[in-house]
Amino acid sequence: MKVDNSLPLEYSTEENNLKILGFWIFIGAEIMLFATLFTAYFTLVNRTGNGPTGAEIFEITPVLIETILLLTSSFTIGLGIHAMRLNKKKATMGFFIVTLILGLAFLGVEIYEFTHYVHVGAGLQVSAFTAALLTTLGTHGLHVTLGLFWGFFILLQIKKRGLTPETANKSFIFSLYWHFLDIIWIFIFSFIYLKGMM
Amino acid sequence: MKLKMKWILLTMVITISTVLTGCEPLLVLDPKGPQAKTQADDIMLSIWLMLGIVVVVLAILVFVLLKYRASNQPKDYEPPHIEGNHLVEAICVGIPILIVIFLSIVSVKSNYEVEATPAGYEDQEPLIIYASSSNWKWHFSYPEENIETVNYLYIPEDRPIEFKLYSYGPITSFWIPQLGGQKYAMSDMITTLHLAADQPGEFMGRNANFSGAGFAENTFEVTAMTPAEYQEWVEEVHETAPRLTEEKFEELIEPGHLGRSTYTGTHLEFAPPPEHDHGSSDTEVEEDSHSEDHEKHDSQDTNEHSNH
Amino acid sequence: MDFFDRFAVPHPSFLIYASMVGIGLTMLAIVVGITYFKKWGYLWREWITTVDHKRIGIMYLLSALLMLFRGGVDGIMMRYQLSMPENTFLDSQHYNEVFTTHGVVMILFMAMPFIIFFFNYLVPLQIGARDVAFPRLNALSFWLFFMGMGLFNISFIVGGSPDAGWTSYFPLAGNEFSTSVGTNYYMIAIQIAGIGTLMTGINFITTILKMRAPGMTLMKMPMFTWSAFIANVIIVFAFPVLTVLLAMGTMDRLFGTNFFTTDNGGMDMLWANLFWVWGHPEVYILILPAFGLYSEIIPTFARRNLYGYTSMVASMVIISLLSFFVWAHHFFTMGQGPLANSIFSISTMAIAVPTGVKIFNWLFTLWKGKIEFTTPMLYSVLFIPLFTLGGVTGVMLAMSAADYQYHNTMFLVAHFHNVIIPGVVYAMLAGLTFYWPKIFGFMLNERLGKWTAWTLSIGFVLAFIPMYITGLDGQARRMYTYSESTGFSLLNMVSFVGAAIMAIAFVLLVYNIYYSIRYSPRNIGSDPWDARSLEWATHTPVPEYNFAITPQVASTQAFWDSKKNGHELFKGDIEKIHMPNNSGLPFIMSCIFFVFGFAMIFSIWPLAIITLIGILACMTYRSFEKDHGRYISVEEIKETEKRLRGAKNEGR
Amino acid sequence: MKELFPIKQVMGFAFSLVLTVVALLVYFTDMSYTVGMTVLLVTAFVQAGLQVVVFMHAGETKDKGSIYLNIYYALLIALVTIFGTLLVLVWDM
């Protein structure tokens, strides 16, 4: 395999370049996936049936905590990639660990939020609005969960195999994924929560 | 071999055109009301225009095929390399654009026509009829006359009619080809269809949207009559028809097929149509009662289904 | 409902029992046959675990042909049922199942794998690449598609087929009105196949963007590769919509949510809307590669370059955008106002312009050519007028006010068959005939091929043109029966005769394959049609690594240049070639997906959870797996080249 | 230690926090629907762009044309789908 040493590790082979571009295209598909969920949400937002409306169930505190957690984790994974490019294995792993912990905390708050919704009578089966809301949030949450596993496995691989073209490539792609989840959260935060509470 | 095929194709074209223009006119192209007339005119216009395009394409194709087939060319002929020509391509884009612009104008104009009170009847008060479908029947409620019919429709000629469509169950589509195009009837909202008949007659009406096992027979008969005859019918119904009770209506909307029947009173009084906005809070109370109502029907429907 | 009751077919009939026996016996015969000839190992090593784009392509082709016959039988059953008024061949429920499966099978499990077969086989060869960008993902795509297809096809013997139409409009497809598991099959099987297709899209976009031979700029790509690129772009942006939509439908059916139900705020129109947000681009996913194939075949047999290359590319790019702007024309009658209808009416008609440009470009490609009527060319020549007819009726349907009369009628059925059959099916058959010698090393019989094309066309005209007329006469689609008094019977009989003739055409195709396997000469060389693009520049059969030396490209028709203008394609020396290793993981993972899908359909939750964990375990295994592929040594390449060149010289 | 915190990314993070605070004004102050939506649209899209450019390094290779085109295309179709659906199902019903 040809390794081009003038480039950062994650771009150093042809295969790595392919993977990064392929992942960007996957992100394009993910944009459409979430756009469809948003479409469903915006269409159904006022169709609350006998259930509560968004303004009745949304709480600003957990949402704000989630936003800060995810924003910070997006920052730390960015630092992780920066450290990786400086070839600092320990620092890279450190930032990865911080990111995963922040992600886990985010997930914890989200689970609290979901139980809260069910508690106040906004469960999945209550109305079209709650179905669309919980499915949109749930899809994002599911992505975060998968991301946590994925990030954890990459962490193990960096620890075991060091910063090689493969692990660097995986880490970079993981960082793209994680930043993308943050972007989606920004839209959820703005157009589901803030718009709903406006 | 090739010639034979051409003859077969030619005979086919002739057969088709005779059927198209033949003895019995096709329902859609035999309009009995202003809306259907607009649509039939649009259809005929587009058929001629499109036929023109097909003929042009066919002519060019036959010409190049005959002229440039290998057996008509010298053995050593080497076809030239031609990248394209801006003028030719501009024409190939320009003419279709002009056709599309023309058809767009026609289309938009007709859109607004078929969505408004039929042309020529704007000054008249429309007759409002609620047409609701249930598996696999049509219920017609005349709130003005306080009459309800099942699977048949009497309408006065020369009067605009505003159909309010909704469904107890799957999406259906209310269609009387000779009076005008169709529109969906759905369970959670009302759609409006403007029609009018400008002559008396009997017309076929049906549900055009697939709605399950009994879909094929989901038809109704439409009779347009003079206002006097219509008035007579209304009076006759009031004298002879039984009153539509809630129990009777529950029975009627159970899945299955029924013949024609007539009642005084409409189901609109005890089973209000879905004329509300799901979101706004001021209608929430009304909505609640309605949803419960719905649930009752639904559970019955489900039972009925599983019994089958 | 009792647990085991769900597995029983709810509306059994003699036909269904007969097919159960037939399927059982066929499966048994296949298993016994493979065991008898001791081919299990061969099958596993060479096919099931393969990551070679050519072999994966062939497996797509086999699936597509299989499904063509399944869907075709459904179609002819429908035509027979309607050939006479009050016919009792099928009852209403069975008819509903038949047209539902006909639609799903033909679009998703016949046309889609057929075009993906062409993507797989041709794109890497046309751009001079060794394989696709992600060979193993490609294998996973295929196996997921295959398992989705398998899952959908067992529906009619286990639990009952879906019966709500291929569009599955809610609330008809909801639990309230579709009580059997049929629609669960629809939701889950298409979901699994759809994930596979989405990954195909990502794979091919990356391949085309990054793996082109040196010198092949975007505007020097062969037209089929361009069409494949655009179609895959549409796949990547349209299929996520389907993923979400099917997930919501599944939740409504299995978890009691209220997206599309009739109460608690559910909105049936949202299903119709999102279905067509995916469904309309899907149509262009099918038709664009077909256009690409015609753009390869017509220049080859007109012995001329493709006229208006730039405008061909531009029109496809415009179509790829516009295809996402028109979906609402599938439900002009849903009650939205004249404003929305007008917008979608105009955008729909606008698509006719780029499509028209393509038709004219093909016509001008014939101009000043030296036209040879081979079988692929015959299909292309028949395609132009027939497809034009389908296209112009499309413009008619786009006029929304008039559409109130066409909607849900046989006119619409006639229209979309009129674009899909001459557009897609002819292209697939033309492409198959055209590329058959490249793939299998011998030609299909030309005389039989032409007979097939003519028979198919006559059958097509007889089967579908009458529907335009009955549609205008008020025959709604999806009616399982009608009465004598409607007057539909004569034309429906004509339709049935046409369908029967089409069936004969497909029998001829099969006979042609059989005949050619037995009698066709094998010494045809690697370029039997005197063609123009890179896929013909390598040997037949194509070696595993496609090209021993990566070709150098300088124009849109590199191979033609090398033959006629002395362009040197293969410069430099042979070097060792890096190839990916075979892997059983895609197959195993897809098998688990199959079981997962089955568990979901029948709501067997413990099994669903176990299989889900299995899928995640496969992904984890993949993440940790170290696989750097392997090298083919220079000696091995030289030996292969010598062997293949020998075969070629013999033929010349 | 300092080299682990590049100024560009730190500034990016600070800026995204500022944008979040601005978006929060919609909740904490009394704005009209139009103003509120404008604020949300601007902050959300600026912040998304920030992530793509600063953190995801979208423009650092020769593939940047493909990557940006991919995102613009996805964005265009996403917006068409959302607003087209709203037009058909909500606004023009």
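Of note, C:Phe301 satisfies the criterion of being more than 7 Å from every other protein chain (Cβ to nearest Cβ), touching a strand residue (DSSP E or B) at 6+ places or on another chain (Cβ under 9 Å) and either surrounded by fewer than 24 Cβ atoms within 10 Å (Cβ to Cβ) or not acidic (Asp, Glu) (or both).
Within region B:50-79, residues that are open to solvent by less than 80 Å² (accessible area, probe 1.4 Å) and part of a helix (DSSP H, G or I) sit with their Cβ atoms under 6 Å from residues that are at pLDDT 90 or above and of a type in the set (Asp, Glu), at 6+ positions apart or across chains, in these pairs: B:Ala70/C:Glu372.
Within region C:507-547, the set of residues being open to solvent by 40 Å² or more (accessible area, probe 1.4 Å), of a type outside the set (S, T, N, Q) and assigned to a loop (DSSP other than H, G, I, E, B) comprises C:Pro521, C:Arg522, C:Pro528, C:Asp530, C:Pro541, C:Glu544. Please verify whether region B:149-166 includes one or more residues that are open to solvent by less than 40 Å² (accessible area, probe 1.4 Å), in a loop (DSSP other than H, G, I, E, B), in contact with a helix residue (DSSP H, G or I) (Cβ under 7 Å, 6 or more places away or on another chain) and not small (Gly, Ala, Ser). No, because not a single residue in region B:149-166 is open to solvent by less than 40 Å² (accessible area, probe 1.4 Å), in a loop (DSSP other than H, G, I, E, B), in contact with a helix residue (DSSP H, G or I) (Cβ under 7 Å, 6 or more places away or on another chain) and not small (Gly, Ala, Ser).
Condition check for C:Ser603 on (1) farther than 30 Å from C:Glu639 by Cβ; (2) part of a helix (DSSP H, G or I); (3) touching a residue at least 24 places away in the same chain (Cβ under 8 Å); (4) more than 26 Å from the chain's Cα centre (by Cα): one failure, at (2). Evaluating B:Ala224 against the criteria (1) open to solvent by less than 70 Å² (accessible area, probe 1.4 Å); (2) touching a strand residue (DSSP E or B) at 6+ places or on another chain (Cβ under 6 Å); (3) closer than 29 Å to C:Leu172 by Cβ; (4) modelled with pLDDT of 90 or more leaves one unmet condition, (3). Taking the condition more than 9 Å from chain A (Cβ to nearest Cβ) and out of contact with any Asp or Glu (no Cβ under 6 Å at 6 or more places or on another chain), does D:Val35 pass? Yes, satisfied. Filtering region A:1-20 to residues that are in contact with a Ser or Thr (Cβ under 8 Å, 6 or more places away or on another chain) and open to solvent by 20 Å² or more (accessible area, probe 1.4 Å) leaves A:Met1, A:Lys2, A:Val3, A:Asp4, A:Asn5, A:Leu9, A:Asn17.
Inspect region A:21-41 for any residue being more than 14 Å from chain B (Cβ to nearest Cβ), in a helix (DSSP H, G or I) and either on the phi > 0 side of the Ramachandran plot or surrounded by fewer than 17 Cβ atoms within 10 Å (Cβ to Cβ) (or both) and give the result as yes or no. No, region A:21-41 contains no residue that is more than 14 Å from chain B (Cβ to nearest Cβ), in a helix (DSSP H, G or I) and either on the phi > 0 side of the Ramachandran plot or surrounded by fewer than 17 Cβ atoms within 10 Å (Cβ to Cβ) (or both). For region C:143-180, the tally of residues that are of a type outside the set (A, V, I, L, M) and within 14 Å of chain B (Cβ to nearest Cβ) stands at 18. Within region A:82-94, identify whether any single residue is at pLDDT 90 or above and within 21 Å of A:His143 (Cβ to Cβ), and answer yes or no. No, region A:82-94 contains no residue that is at pLDDT 90 or above and within 21 Å of A:His143 (Cβ to Cβ). Here B:Asp282 meets the list (1) modelled with pLDDT under 90; (2) assigned to a loop (DSSP other than H, G, I, E, B) almost entirely, failing just condition (2). As for region A:76-84, it holds no residue that is of a type in the set (Gly, Ala, Ser) and within 14 Å of chain B (Cβ to nearest Cβ).
Across region A:119-137, which residue is farthest from the other protein chains (Cβ to nearest Cβ) among those that are surrounded by fewer than 18 Cβ atoms within 10 Å (Cβ to Cβ) and in contact (Cβ under 8 Å) with a residue 24 or more places away in the chain? Selected residue: A:Val120.
Looking only at region C:73-110, filter to residues that are surrounded by 20 or more Cβ atoms within 10 Å (Cβ to Cβ) and among the aromatic types (Phe, Trp, Tyr); which one of those is nearest to the chain's Cα centre (by Cα)? By that ranking, first place goes to C:Phe109. Residues that are among the small types (Gly, Ala, Ser) and open to solvent by less than 40 Å² (accessible area, probe 1.4 Å) were ranked within region B:81-102; the one that is farthest from the other protein chains (Cβ to nearest Cβ) is B:Gly94.
State yes or no: is B:Ser104 in contact with a helix residue (DSSP H, G or I) (Cβ under 9 Å, 6 or more places away or on another chain) and in contact (Cβ under 8 Å) with a residue 12 or more places away in the chain? Considered against the rule, which asks whether it is in contact with a helix residue (DSSP H, G or I) (Cβ under 9 Å, 6 or more places away or on another chain) and in contact (Cβ under 8 Å) with a residue 12 or more places away in the chain, B:Ser104 comes out as no.
Within region C:306-328, is even one residue open to solvent by 10 Å² or more (accessible area, probe 1.4 Å) and within 30 Å of B:Phe174 (Cβ to Cβ)? Yes - at least one qualifying residue is present in region C:306-328. Look through region B:23-78, keep the residues that are facing chain C (nearest Cβ under 9 Å) and among the basic types (Lys, Arg), and return whichever of them is farthest from B:Ile105 (Cα to Cα). So the residue we want is B:Arg69. Inside region B:72-107, residues that are in contact with an Asp or Glu (Cβ under 9 Å, 6 or more places away or on another chain) and over 23 Å from B:Val56 (Cα atoms) make up a count of 1.
From the list C:Phe224, C:Phe255, the lone residue that is of a type outside the set (Val, Ile, Thr) and facing chain A (nearest Cβ under 10 Å) is C:Phe255. Within region D:50-72, the residues that satisfy the criterion of being facing chain A (nearest Cβ under 7 Å) and free of Cβ contacts under 8 Å to residues at least 12 places away in the same chain are D:Met56, D:Thr61, D:Asp63, D:Ser66, D:Ile67, D:Asn70.
The values are calculated or read from the model by the stated rules, or taken from the named source; none is laboratory data. Owing to the predicted nature of the structure, the values given are computational and were not obtained by experimental measurement. Glycine also receives a Cβ, built like all others from the backbone with ideal geometry; neighbour counts cover every protein chain displayed. Only protein heavy atoms, including side chains, enter the accessible area calculation; ligands, DNA and RNA are left aside. Shrake-Rupley method; radii C 1.70, N 1.55, O 1.52, S 1.80 Å.
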